[in-house]
Every structure is written in C-alpha cells, then in structure tokens.
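The values are calculated or read from the model by the stated rules, or taken from the named source; none is laboratory data. Being a predicted model, the structure only gives us computed values, none of them experimental. Note that we place each Cβ from the backbone using ideal geometry, even for glycine, and neighbour counts take in every protein chain shown. Each accessible area value is taken on the protein alone, full model and side chains, heavy atoms only, with ligands, DNA and RNA left out. Shrake-Rupley method; radii C 1.70, N 1.55, O 1.52, S 1.80 Å.
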Amino acid sequence: MNLHPQKIVIKETIEATKQKWIDLSLKIHAHPELSFEEFQASQWLTEPLEEAGFTVKRQLLPELPTSFHAEWTGTKSGPTIVLLAEYDALAELGHACGHNIIGTSAVCAAVSLKQALGDIAGKLIVLGTPAEEEGGGKILLAENGWFDDADAALMCHPRDKTMIFRGSLACVDVDITFKGKSAHAAANPDQGISALDAMLHSFAAIKQLLPALHKSANVHGIIRKGGDATNIIPDHCEASFLLRAKTREELALVKKRVYQAITSSTEAIGATCTMEEGLTYAERINNRVLSHLFKDNLEAIGVEVDASDIQSGIGSSDIGNVSQLVPTIHPYIKIGEAITHTPAFTEATKSEEGMQGLLQAATALALTAYDVFEQPELAKQAKEELAATLSTKGGI
Ligand SMILES: [Zn+2]
Ligand SMILES: [Zn+2]
C-alpha cells in the first residue's frame, strides 16, 4: 500500500470510528423503510453530520419529505463534491439492495473527511436521495436544481462483484387504461366493446413487435385490472409496461412503436386507451477521470477490482439522470456472492463482509473526494470529459 500521509490519516479516522458506522448501517438494516417513507433512516443519517458541524437542510422538496442536504464549506474556494446517500428498502425483502450500506458509506466518508482534514478548498455535500427503488428521487432533485452547483457526484453500491464500469439502461414506466362498453356477455355481446380484448390484443401486438426493436430494447408488461365478472364484457381494464433501451434516444423510438401497437390494437376492437408515463430514467455515464481515481484508491487500500469496461447494464437507476448533468461515479463493492433483490442479499447487507464493504466503500469515496479537493484540475478534466461525451451523444 502506497498512500499519501494525509490519505493514511483519513483511512485511520474511518478505522478508528468503524463501529459507529457499522452500528448505524445495521440500525437502518433492522428498520427497513420503503421509498418516500425513510423517515428514521433520514434522521439517523443526518444526526452524525449535524454533530460533525455540517449544515443540514431536510425535506428539500414537498414530494420528497425524507431528502436532505448536508454541507461543509472550507475556508478556501474549490470544487463542490456531492456524496450521494440512498436509504430506501424493498417491500417484503428489506434491505435487499444494500442501501443501508450506501447511505452510511456516504455519511461515514463525509464526517471522516471533516474530522481528518479540518479544512478543505471547496465544499463537501452529502445529498440524501430517497426513493431510488420506487420513485426516482434523484430525478426529482436534479429537476429542481439540487445538482446545479456540483462538480462531482460520488456513490458506491454493494453487489457480488467489485466493479468500476457498469452502465444502466434508459427506461420509462407506462400505465395504460383501456375503455370499452359493458354489456351482458351472453345476452347482448354485440352491444359491448371489450376493453379486455383491446388489452390482450395490445399485449400480443407488442410481443410480435419485440424482434423488430433495437437489440438493447426490452418491454415487460403486467395486467393490473382485467374485468369484474365473467358474464360482463369489461368496459375498463388497466395494464402497466416498463420500456427499456440503451439510450433515451432509442427509448423514444421504442416508445413510439409500442404506443402505435397499443393504439392500433385498441382501435381495431373499437375501444379507446390512454397512456400515462412515469419519470424517464436516463442511461448512466460513468465518468472515467473520477472512476480511475476511485479504482486507484480501492486498490491502494487492498481491494481487488474488476475494471473491465462494461458500459452496458441490464437495470436502470436514477443515478443515470445525475450522470447526464454532473461527472458521476456509481461503482460497486463486493459483499459476498448473493445477487441484489434477493433474501440472500438482505443477509449479505448486514453480514461481516457487508460491513467490510461498507468501510471499503466509505474509505475509497473519502480518498477520491480528497484527490479532487487537492487537485481541482481533476474536477475540470471530469467536466470536460462529460461535455465531450454529451456532445457526441446528444445530452438530455
Ligand atoms: Zn435495487
Ligand atoms: Zn440499489
């Protein structure tokens, strides 16, 4: 290990206080809260930040009551670095995505940096970003300007592998309501218009369409309401689809084709339909300048890293939208063999290996933030890289 003496102080500060962070992470794990309802976790994460002298604002938006912003400004000017904290859990499964580790690692990194350095050239922020699983909290925060001043956004996610580069897909949720006309299914079916037939016809049309869409595209649908009684022709049915593609540009094309398929299938039956879209999740851009810093720091503290350049992913996350605005990293830290969103991963996120991952992630985040404060030209390079990437891709 060949660490700068100041980095050794940061690392040792985390080691000396590790039990506090392990306890905090386990407390959040033991009280899982769903998206938008993470009141306890938000309170527990902000307490050590307040104690350390960060200025804390809570409820940044009325629709995100559990969001927070904790800020420490140094005496000299310099870059603004944002550490992102997630802390929502999954229904039935609890912390099966390890957001107890994400939230705690961000807070641990920030508090330890302040304790170890005493002063910085710039501003260090911990942004509490709720509702990653269900509500796209970061998208709402980004749309409302909470990333406008950021020069770098850093977070680290637990999983079954330590990885630096992994992308995520653009996606959008669509709820569809089909309207027809009810009639007795046996007595006078000719008087009815089946919303159910319109819906089933739409499912079949989308399935036939899939091979013609871009390779990265995928469309999943479920039926939410299919009628009330078998002897009544349903006049109201509901379905939901999740559309994904490699980029938002490709997603727009997928959406157009899917909407055409639904509309024409519905019209063929004589019914009508309405579509209601959720937030659009953007694809992730991993900033290479910052990613390499994080990789070097992980390796310097003895963590083996897979830095193969896998920019595509199969999932989607609201970090994608942040990564289109600010140089961003979303690497992964290994906490065992289990796969996210499974009961085994819920066990892993409170295991000894989980807690080791928490401290490794916090240390690498803190050391990466330190690098950028010490060498502000890195923030400039990271921004130039993002600008160049967006100019070739088209941006948001
Ligand atoms: Zn998840
Ligand atoms: Zn997650």
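Measuring nothing but how far apart in sequence close Cα pairs (under 8 Å, 6+ apart) lie, relative to its length, the range 52-126 scores a relative contact order of 39 percent.
Ligands, DNA and RNA are left out, and with a 1.4 angstrom probe the accessible area of the range 170-281 is 54 Å² per residue. Counting only heavy atoms of the protein chains and using a 1.4 Å probe, H220 has close to 100 Å² of accessible surface. Simple spin-label estimate for T263 and K380 gives 5.0 nm between the two label positions (7 Å along the Cα-to-Cβ direction from each Cα).
Here's the picture: charge each Lys and Arg Cβ at +1 and each Asp and Glu Cβ at -1 in the range 1-45, and of V9, Q19, P32 the one pushed furthest to the positive end of that dipole is V9. Here the contact order of the range 170-281, divided by its residue count and restricted to Cα pairs under 8 Å and six or more residues apart, works out to 44 percent.
The phi torsions of the range 126-135, fed into the Karplus equation with coefficients 6.51, -1.76 and 1.60 and a -60° offset, translate into couplings of 10, 9, x, 10, x, 6, 6, 5, 10, x Hz, rounded to whole numbers, with Gly and Pro shown as x. With the simple spin-label model, which puts each label point 7 Å out from Cα in the Cβ direction, the K27 to I339 separation comes to 3.5 nm.
For the range 275-291, the Karplus equation 6.51 cos²θ - 1.76 cosθ + 1.60, evaluated at θ = phi - 60°, returns couplings of 10, 10, 8, x, 5, 8, 8, 7, 5, 8, 10, 7, 6, 6, 4, 6, 4 Hz by residue, with Gly and Pro reported as x. Surface composition of the range 272-396: carbon plus sulfur atoms hold 53% of the accessible area, using a 1.4 angstrom probe and ignoring ligands, DNA and RNA. Residues whose amide H falls under 5 Å from that of L61, counting only those 5 or more places apart or on a different chain, are S67, with hydrogens built in the peptide plane. Over 27 Å apart at the Cα level, from the set K11/K76; K76/K334; K27/K295, are K76/K334; K27/K295.
Rolling a 1.4 Å probe over the protein heavy atoms leaves E347 with an accessible area of roughly 110 Å².
If you take all other residues with their beta carbon under 14 Å from the beta carbon of I193, and give Lys and Arg +1 and Asp and Glu -1, the sum is -2. A compact globular protein would have a Cα radius of gyration near 2.2 N^0.38 Å; the ratio found for the chain is 1.10.
Taking the charge dipole of the chain about its Cα centre, with +1 at Lys and Arg Cβ atoms and -1 at Asp and Glu Cβ atoms, the residue from T280, T263, H220 reaching farthest to the positive side is T263. On a straight-distance basis, which lysines could pair with K255 in a cross-link, Cα separation under 16 angstrom, same-chain partners fewer than 8 positions away excluded? Answer for K255, where 16 Å is the Cα cut-off: K207, K215, K246, listed by chain and number. The modelled label-to-label distance for the pair I223/H292, using points 7 Å beyond Cα in the direction of Cβ, is 5.4 nm. In the range 83-225, with Lys and Arg counted as +1 and Asp and Glu as -1 at Cβ, which of these residues, C108, L210, I164, has the Cα nearest the positive end of the dipole, that is, farthest along it? In the range 83-225, that residue is L210.
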